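Here is the structure we will look at, set down as structure tokens.
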Amino acid sequence: MSNHGHGGKPGPTALASDTSARERAGAIPVPMLARLLSPEFRPFLIFIVALGGLTLVDGGEGRILSSVTAFSTLQYFSTFGLVALGLGLTMVIGEFDLSVSGVFGLGGCVAVLYGNESIWLGIACALGVGIAFGMAQGFIVTRFGIGSVPVTLGGLLTANGLAYVVTQNRTVSFDNIDLALLLNESIATFFSIRSLVAIAFFVISIFVFFSTRIGRDLTATGSNRRAALVSGVGVGRIIVCSFAFSATMSALGGALLSFSLASASPAGLADVLVPAIIASILGGISLAGGMGNPLGLAAGVVTLSLLRSGLNALAAPPYANDVASALILFAVAIADAPYLLRRFTAATAWLHRN
Amino acid sequence: MVGVSSSAARTLWLRLKAPSRLLVVRVAIMLALAALALATPSFLSAPSLTTLLTTISFVGCLAIAMTFVTIGGNVMSFALGATAAVSAMVFVVVLNTAGYASGVAAALVAGAVITGLQGCLIGFLRANPIIVSIAASVLIYGVAQRVTSNETVHVSETLIQSLLKGKLFGAPIEFIVFLGLTAFGQAVLSFTTFGRNLFYIGSGFRAAEAVGLPTVRTTILAYVWAGLFAGVTGVLLASRYNQANMEFALRYDYDAIAAVLVGGIAIQGGSGSMLRTFAGVAAVSTIQIVLLLHGFREEWRLFITGLIVLAVVVLYSKRQRQ
């Protein structure tokens with residue numbers, strides 16, 4: 001599309017894409033519809049479709065559109081939201097933080113270990129570990145110019161190992177049961193302290209992303225790093241800060257979940273990477289970087305959480321969630337695949353010829 | 001005297017070309033590790049060494065499988081452990097009804113099909129390999145939960161004696177299989193057109209496509225090979241433990257990834273060899289066992305492996321920048 005309006009001689013391919021563009025424009029006549037299908041709106045559209053689908057399956061028994069399901073959706077939101085927020089923002093800048101699940105577990109273990117003295121000390125330690133870990137990873141990525149996948153893979157193993165080391169390979173329990181109950185107690189029917197914390201971080205992130213230059217710089221870093229560098233974006237600083245933010249959010253998420261479960265074990269908390277990836281992708285963040293924002297991400301996390309709580313409410317078997325998650329991931333991997341359009345065009349051309 | 005010899009060594013060092021310098025470093029590290037291992041009391045005593053060789057063979061076979069994926073430019077697969085577990089279960093079920101040969105064949109086919117289908121998505125559509133493999137592993141665990149209801153399948157009593165689990169030349173049979181697979185995998189990479197194409201495609205997909213290499217077929221084939229090797233891992237696991245369940249290969253994925261990275265296989269693809277993966281497996285396992293024998297508790301294993309992976313990743317990138 002970017003070739004149009006360059007005024008150069010249109011080659012045969014340009015002509016072909018021109019006609020197909022016109023045809024496509026004919027198929028979608030209403031600008032309203034175009035706006036509904038725009039990438040910014042897609043996370044909300046997916047949410048509406050998921051909600052509608054679950055309600056249909058429910059068949060008017062009121063299991064989905066209930067305050068119980070809304071509350072448990074927000075509880076899932078608080079478990080996965082912070083991790084997804086961190087991971088999602090590293091994906092916006094075109095990197096990928098595989099270490100989130102390791103740091104999530106580590107944060108939970110550290111918080112419980114020190115939280116028995118004082119809850120604030122526990123949270124401070126978890127946050128400190130998160131910041132240090134994330135900054136170290138970000139520093140390695142920028143200083144040595146290595147891809148974030150191998151670095152955070154090493155980070156994942158290290159964080160996971162560190163969680164085993166600090167807990168000495170056992171489950172540590174949190175003695176303050178009152179606090180655990182308080183964190184999950186419902187406030188105004190729908191919320192809990194835990195979900196309010198996650199929502200607060202999302203609100204702050206949305207505000208910062210849209211009303212300061214940080215949001216623009218993140219997107220620029222992710223869409224074209226060289227151009228961003230040339231136009232004066234502190235790319236190195238953005239990368240280090242994103243990894244620090246990602247690890248800090250993961251550690252905080254792990255700390256809050258462990259407090260509310262009143263225990264932490266190095267092996268028990270590992271299962272957040274897949275939900276966080278799904279939430280980010282549902283939230284309109286592209287694997288290639290340079291796309292997405294915290295608002296869409298919030299919608300993505302809500303959709304993921306709704307699917308979990310909805311399937312529970314419908315008494316779906318436990319594997320339904322795995323299968324649904326896998327199918328969503330496959331669908332996104334295929335939809336985002338760079339050669340999809342090319343193969344599709346080739347296939348239709350082949351069909352026309354025969 | 002010291003000054004003279006060190007400056008002579010320095011001159012010699014500078015005269016070496018970069019690849020041979022790296023070779024010196026590698027050999028030095030391997031020798032140091034071997035010395036460390038030999039200096040550890042009880043390292044060479046039979047039980048510890050046999051256990052070591054058996055465990056590293058499982059991780060090793062999976063790492064060999066992983067190497068096909070990495071060299072072809074598709075980073076890593078997070079589904080090979082799950083694939084090995086499925087293969088192990090298929091092997092046990094078929095073994096109980098139709099005998100050993102059919103069991104092995106079914107396990108290999110299961111591995112090749114599961115991984116090959118992922119290869120189709122990645123090769124044909126260029127879908128993101130990390131996401132595809134994570135999705136596949138989630139799907140495998142979900143479907144397996146439905147099919148097996150989290151149960152373990154056991155090899156029936158009458159067949160246990162006939163399973164391959166003896167020793168050959170004093171080494172456990174798993175280790176012999178691992179050595180064989182390393183040699184076989186290396187031969188596939190070195191002496192076939194597929195192997196040569198895989199290196200080209202891994203080092204530059206667009207260029208490989210532009211000169212008309214069969215990118216789709218090669219990528220799918222790389223995944224089929226990876227699946228076959230994961231299938232072998234499953235057969236070995238099930239034969240050793242006389243049973244199979246989905247928890248089997250849970251931790252082998254990350255160990256295999258660590259071994260591939262420590263072996264110095266470039267994560268962006270296009271270079272590496274099975275021998276390097278073998279060295280990586282040997283290095284990681286030796287360090288882990290030495291730590292264990294020196295009285296470090298089990299939990300330090302993961303932590304130190306992680307640090308080693310980070311160190312190797314940084315060291316290799318430094319070399320590439322030079």
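State whether one or more residues within the stretch A:60-69 are touching a Leu at 6+ places or on another chain (Cβ under 7 Å) and part of a helix (DSSP H, G or I). The answer is no, given that none of the residues of the stretch A:60-69 is touching a Leu at 6+ places or on another chain (Cβ under 7 Å) and part of a helix (DSSP H, G or I).
Taken over the stretch B:81-119, the criterion of being among the hydroxyl-bearing types (Ser, Thr, Tyr) and either surrounded by 20 or more Cβ atoms within 10 Å (Cβ to Cβ) or within 17 Å of B:Arg240 (Cα to Cα) (or both) is satisfied by B:Thr83, B:Ser87, B:Tyr100, B:Thr115.
Being free of Cβ contacts under 8 Å to residues at least 40 places away in the same chain and out of contact with any Asp or Glu (no Cβ under 9 Å at 6 or more places or on another chain) is the filter here; which residues of the stretch A:64-118 pass it? Scanning the stretch A:64-118 gives A:Tyr114, A:Glu117, A:Ser118. Take A:Gly130 and tell me if it is in contact with a Pro (Cβ under 7 Å, 6 or more places away or on another chain), surrounded by 24 or more Cβ atoms within 10 Å (Cβ to Cβ) and more than 8 Å from chain B (Cβ to nearest Cβ). So A:Gly130 fails the test.
Being closer than 14 Å to A:Phe104 by Cα, more than 8 Å from chain B (Cβ to nearest Cβ), assigned to a helix (DSSP H, G or I) and open to solvent by 40 Å² or more (accessible area, probe 1.4 Å): is that true of A:Ala124 here? Spelling it out, it is not the case that A:Ala124 is closer than 14 Å to A:Phe104 by Cα, more than 8 Å from chain B (Cβ to nearest Cβ), assigned to a helix (DSSP H, G or I) and open to solvent by 40 Å² or more (accessible area, probe 1.4 Å). Considering every residue within the stretch A:108-119, establish whether at least one is hydroxyl-bearing (Ser, Thr, Tyr), facing chain B (nearest Cβ under 10 Å) and surrounded by fewer than 23 Cβ atoms within 10 Å (Cβ to Cβ). There is no residue in the stretch A:108-119 that is hydroxyl-bearing (Ser, Thr, Tyr), facing chain B (nearest Cβ under 10 Å) and surrounded by fewer than 23 Cβ atoms within 10 Å (Cβ to Cβ).
Kindly establish whether A:Ile146 is free of Cβ contacts under 8 Å to residues at least 40 places away in the same chain, facing another protein chain (nearest Cβ under 9 Å), outside any helix (DSSP H, G or I) and crowded, with 19+ Cβ neighbours inside 10 Å.
Values: free of Cβ contacts under 8 Å to residues at least 40 places away in the same chain: yes; facing another protein chain (nearest Cβ under 9 Å): yes; outside any helix (DSSP H, G or I): yes; crowded, with 19+ Cβ neighbours inside 10 Å: yes.
So A:Ile146 fits the description; yes.
Please tell me if B:Arg240 is open to solvent by 20 Å² or more (accessible area, probe 1.4 Å) and farther than 23 Å from B:Met30 by Cα. Taking the combined requirement at face value, the residue satisfies it. Looking at the stretch A:225-283, the helices (runs of 4 or more DSSP H) lying wholly inside it that each contain 2 or more residues that are open to solvent by 30 Å² or more (accessible area, probe 1.4 Å) and over 14 Å from A:Gly134 (Cα atoms) sit at A:225-230. Which of the residues that make up the stretch B:209-233 are small (Gly, Ala, Ser) and at pLDDT below 95? Matches in the stretch B:209-233: B:Ala210, B:Gly212. Does A:Leu179 fit the bill of being more than 10 Å from chain B (Cβ to nearest Cβ) and assigned to a helix (DSSP H, G or I)? It is true that A:Leu179 is more than 10 Å from chain B (Cβ to nearest Cβ) and assigned to a helix (DSSP H, G or I). Tallying residues that are away from every other protein chain (no Cβ under 14 Å) and either surrounded by fewer than 17 Cβ atoms within 10 Å (Cβ to Cβ) or assigned to a helix (DSSP H, G or I) (or both) within the stretch A:149-175 yields 2. Cβ-Cβ distances below 8 Å connect the following pairs, each with a first residue in the stretch A:320-345 that is at the interface with chain B (Cβ under 7 Å from one of its Cβ atoms), a second residue that is among the polar types (S, T, N, Q) and part of a helix (DSSP H, G or I), and a separation of six or more residues or different chains: A:Asp322/B:Gln145. Of the helices (runs of 4 or more DSSP H) entirely within the stretch B:204-289, those holding at least 2 residues that are of a type in the set (S, T, N, Q) occupy B:215-241. When you look at A:Leu87, is it open to solvent by 30 Å² or more (accessible area, probe 1.4 Å), touching a Ser or Thr at 6+ places or on another chain (Cβ under 8 Å) and part of a helix (DSSP H, G or I), yes or no? No.
Residue by residue, here is whether (1) within 21 Å of the chain's Cα centre (by Cα); (2) facing another protein chain (nearest Cβ under 7 Å) holds:
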residue: B:Val113; (1), (2): yes, no
residue: B:Gln118; (1), (2): yes, no
residue: B:Leu121; (1), (2): no, yes
residue: B:Leu125; (1), (2): no, yes
residue: B:Pro129; (1), (2): yes, no
residue: B:Val132; (1), (2): yes, yes
residue: B:Ser137; (1), (2): yes, no
residue: B:Thr148; (1), (2): no, no
residue: B:Thr152; (1), (2): no, no
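Within the set A:Ser309, A:Ser280, A:Ser305, A:Ser286, the sole residue that is closer than 20 Å to A:Glu95 by Cα, more than 9 Å from chain B (Cβ to nearest Cβ) and at pLDDT 90 or above turns out to be A:Ser280. Filtering the stretch B:295-314 to residues that are within 11 Å of another protein chain (Cβ to nearest Cβ) and part of a loop (DSSP other than H, G, I, E, B) leaves B:Phe296, B:Arg297, B:Glu298. Every test in (1) buried (at least 20 other Cβ atoms within 10 Å of the Cβ); (2) closer than 23 Å to A:Ala200 by Cβ is passed by A:Leu54 save one, and that test is (2). The combined condition, being modelled with pLDDT under 65, under 25 Å from the mean Cα position of the chain (by Cα), of a type in the set (A, V, I, L, M) and open to solvent by 40 Å² or more (accessible area, probe 1.4 Å), is not fulfilled by A:Leu15. Can you work out which of the residues in the stretch B:270-294 that are open to solvent by 60 Å² or more (accessible area, probe 1.4 Å) and farther than 17 Å from B:Val27 by Cα is farthest from the other protein chains (Cβ to nearest Cβ)? Result: B:Leu293.
In the set (1) in a helix (DSSP H, G or I); (2) open to solvent by 10 Å² or more (accessible area, probe 1.4 Å), the condition left unmet by B:Phe78 is number (1). A:Pro317 satisfies every condition listed in (1) in contact (Cβ under 8 Å) with a residue 24 or more places away in the chain; (2) in a loop (DSSP other than H, G, I, E, B); (3) open to solvent by 40 Å² or more (accessible area, probe 1.4 Å) except (1).
The values are calculated or read from the model by the stated rules, or taken from the named source; none is laboratory data. The structure displayed is predicted, hence computed values, not measured ones. Note that we place each Cβ from the backbone using ideal geometry, even for glycine, and neighbour counts take in every protein chain shown. Areas reflect the complete protein model, heavy atoms only, side chains present, ligands, DNA and RNA absent. Shrake-Rupley method; radii C 1.70, N 1.55, O 1.52, S 1.80 Å.
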